[in-house]
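Asks: Got a structure here, written out as structure tokens. Questions coming.
The values are calculated or read from the model by the stated rules, or taken from the named source; none is laboratory data. This one's a predicted model, so the numbers in the text were calculated from it and none came from an experiment. Positions of Cβ are generated from backbone atoms using ideal geometry, with glycine treated the same way; all protein chains shown enter the neighbour counts.
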Amino acid sequence: MLLDLAREQELATGKVNISLLARETGYDRKTIARHLSLDQPSKHPQTRQKPSKLDPFMPYIQKRLNTYPRLSRVRLLEEIRNLGYDGGTTILGDYIRQIRPNITIPAEIRYETKPGEMMQCDWLEYPYETTDGSKKKVYGLSMVLGYSRMRYVEFFSHQGLPALLKGHLGAFEYFGGVTDMILYDNLRSVVLKRKYPSTASEFHPLFADFRDHFGFTSRLCRLGRAKTKGKVERSIHYIKDNFLYGRTFHSIEDLNLQARTWLNCVNGKIHGTTHEIPFDRLVQENLRPFASYKLYLLKRKESRKVSKDCYISLYGNSYSVPWKYAGRRVDAYVQENHVSIQADGTEICTHTLLNGRNERSKKKEHFEGLYKEILGLSSNGAKKERINKPAIDQHSVETRDLAEYDTYAEEGQV
């Protein structure tokens with residue numbers, strides 16, 4: 001209405017009289033002026049878009065993202081910097097968000113296990129800095145019950161077979177029992193030779209002894225398919241982010257004490273997938289009670305014969321023995337990652353337990369003196385005198401002229 005009256009005035013008189021409009025309509029002069037100003041075009045000239053430092057590189061970025069849609073901003077920034085780009089990262093990030101192709105995520109089926117059916121196991125590695133500034137690593141054995149989502153983690157200074165077995169015993173005790181099956185990655189301390197199906201694989205003898213003692217089936221993930229054990233993979237990320245990140249500890253023992261407190265806390269909270277408390281679902285697992293099994297001793301005794309090249313074979317690997325014991329029987333005691341070799345109850349050497357297969361632990365001192373013995377040298381390096389015994393003692397041998405043999409040959413007596 002106001003706009004129509006204003007246009008009529010403008011056509012008749014060549015201008016708009018706000019006071020006259022106020023008297024005709026009863027509106028305040030300021031109100032009329034504000035409404036009329038909304039219909040006027042902006043007095044500010046339209047700003048011209050300035051060229052961007054990124055403009056010359058946009059075709060390159062577009063081409064790279066069309067070929068590799070998951071390329072990160074950091075990676076693309078590094079590439080265009082090499083091409084001469086000297087702009088910032090913010091404008092690059094804004095442009096990438098506008099043009100990045102939609103990435104299709106393949107659908108997956110979540111596999112839910114029955115109570116007491118499966119446990120998943122894997123190692124995590126976490127670097128840390130000590131109080132003196134040196135850098136070290138700590139290794140955690142993570143285990144998760146498939147149905148209840150109960151978590152367990154125990155930390156070690158290494159991830160060898162002894163630590164693996166000790167971590168299992170800790171998990172069995174914490175959970176209160178053992179599942180029918182445990183799923184592993186293709187760890188060298190577990191499997192020596194992968195076969196299909198995975199249950200037919202050649203497992204480490206000491207691990208197989210442990211498995212058979214507790215009566216569970218050991219299965220392996222498909223090669224290159226870490227998602228096969230997705231529950232423990234997610235648990236490892238959670239342990240790193242929620243427990244380890246930013247945490248200080250004085251020793252591995254201290255770290256494990258803190259981990260037990262943390263475990264009791266997280267296992268008492270509602271799980272994001274099941275929407276139930278893991279401790280509550282643990283009752284439904286119906287695990288085979290850990291207390292019903294005989295005590296499993298991690299210290300093992302193995303009897304072996306020392307080979308002529310001064311080695312014994314133990315769990316698919318070789319360990320050197322002082323050369324003077326070649327051909328004798330010795331006892332090998334395995335505890336944690338330590339191997340003690342004894343003869344007649346006396347320790348003659350020690351080794352660190354090897355993982356995997358066809359590896360050799362050799363100590364040079366075990367062969368000292370052997371080469372001298374073979375070459376017949378005394379302790380001061382002088383060659384020993386050989387005592388030559390006569391081939392025939394106290395017997396005389398008749399000496400004949402060779403012409404006599406010619407005579408016998410002609411007569412046919414030879």
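Asks: I need a count of the residues in the stretch 286-314 that are charged (D, E, K, R), in contact (Cβ under 8 Å) with a residue 40 or more places away in the chain and surrounded by 13 or more Cβ atoms within 10 Å (Cβ to Cβ). Full working, then the answer.
Replies: Restricting attention to the stretch 286-314, the residues satisfying the condition of being charged (D, E, K, R) are 288, 294, 299-302, 304-305, 308-309.
Filter again for in contact (Cβ under 8 Å) with a residue 40 or more places away in the chain, leaving 288, 294, 300.
From what's left, surrounded by 13 or more Cβ atoms within 10 Å (Cβ to Cβ): 288, 300.
Here the count works out to 2.
Asks: Assess whether D185 counts as being surrounded by fewer than 22 Cβ atoms within 10 Å (Cβ to Cβ), in contact with a strand residue (DSSP E or B) (Cβ under 7 Å, 6 or more places away or on another chain) and modelled with pLDDT under 95.
Replies: yes
Asks: Which residue out of E79, E117 is touching a residue at least 40 places away in the same chain (Cβ under 8 Å) and either charged (D, E, K, R) or exposed (fewer than 11 other Cβ atoms within 10 Å of the Cβ) (or both)?
Replies: E117
Residue by residue, here is whether (1) of a type in the set (V, I, T); (2) at pLDDT below 85; (3) over 18 Å from the mean Cα position of the chain (by Cα) holds:
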site	(1), (2), (3)
L206	no, no, yes
F214	no, no, yes
T217	yes, no, yes
G230	no, yes, no
E233	no, no, no
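Asks: Additional query: Quick check on my filter: what residues within the stretch 188-208 are surrounded by 12 or more Cβ atoms within 10 Å (Cβ to Cβ) and either in contact (Cβ under 8 Å) with a residue 60 or more places away in the chain or part of a helix (DSSP H, G or I) (or both)?
Replies: Answer for the stretch 188-208, where residues must be surrounded by 12 or more Cβ atoms within 10 Å (Cβ to Cβ) and either in contact (Cβ under 8 Å) with a residue 60 or more places away in the chain or part of a helix (DSSP H, G or I) (or both): R188, S189, L192, S198, T199, H204, P205, L206, F207, A208.
Asks: In the set D185, D209, which member is touching a helix residue (DSSP H, G or I) at 6+ places or on another chain (Cβ under 8 Å), outside the structural domain of Y315 (by TED's automatic domain parsing), within 17 Å of N355 (Cα to Cα) and acidic (D, E)?
Replies: On inspection, the qualifying residue turns out to be D185.
Asks: With respect to V144, determine if the residue is hydrophobic (A, V, I, L, M, F, W, C), under 16 Å from L255 (Cβ atoms) and either surrounded by 16 or more Cβ atoms within 10 Å (Cβ to Cβ) or touching a residue at least 24 places away in the same chain (Cβ under 8 Å) (or both).
Replies: no
Asks: Another one. So for the stretch 105-126 (the condition being of a type in the set (A, V, I, L, M, F, W, C), outside the structural domain of L354 (by TED's automatic domain parsing) and under 30 Å from I61 (Cα atoms)), does at least one residue qualify?
Replies: yes
Asks: Scanning the stretch 214-244 for residues that are in contact (Cβ under 8 Å) with a residue 40 or more places away in the chain, loosely packed, with under 14 Cβ neighbours inside 10 Å and of a type outside the set (A, V, I, L, M, F, W, C), which turns out nearest to V190 (Cα to Cα)?
Replies: Of everything passing the filter in the stretch 214-244, G215 is nearest to V190 (Cα to Cα).
Asks: Answer with yes or no whether R211 is exposed (fewer than 15 other Cβ atoms within 10 Å of the Cβ) and either under 17 Å from C121 (Cα atoms) or touching a residue at least 40 places away in the same chain (Cβ under 8 Å) (or both).
Replies: So R211 fails the test.
Per-residue answers, yes or no, for (1) more than 23 Å from the chain's Cα centre (by Cα); (2) at pLDDT below 90; (3) assigned by TED's automatic domain parsing to the domain that holds L287; (4) not acidic (D, E):
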{"residue": "M143", "(1), (2), (3), (4)": "no, no, yes, yes"}
{"residue": "G146", "(1), (2), (3), (4)": "no, no, yes, yes"}
{"residue": "R151", "(1), (2), (3), (4)": "no, no, yes, yes"}
{"residue": "H158", "(1), (2), (3), (4)": "no, yes, yes, yes"}
{"residue": "V178", "(1), (2), (3), (4)": "yes, no, yes, yes"}
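Asks: Sort out which residues of the stretch 148-186 are more than 23 Å from D254 (Cβ to Cβ) and in contact with a Gly (Cβ under 7 Å, 6 or more places away or on another chain), and write them in order of number.
Replies: T179, D180
Asks: If E285 satisfies all but one of (1) under 23 Å from S189 (Cα atoms); (2) touching a helix residue (DSSP H, G or I) at 6+ places or on another chain (Cβ under 9 Å); (3) of a type outside the set (F, W, Y), what's the number of the condition it fails?
Replies: The number of the failed condition is (1).
Asks: Just to be sure, is K324 out of contact with any Lys or Arg (no Cβ under 6 Å at 6 or more places or on another chain) and farther than 26 Å from P162 by Cα? Break it down stepwise before answering.
Replies: Numbers: out of contact with any Lys or Arg (no Cβ under 6 Å at 6 or more places or on another chain): yes; farther than 26 Å from P162 by Cα: yes.
Spelling it out, K324 is indeed out of contact with any Lys or Arg (no Cβ under 6 Å at 6 or more places or on another chain) and farther than 26 Å from P162 by Cα.
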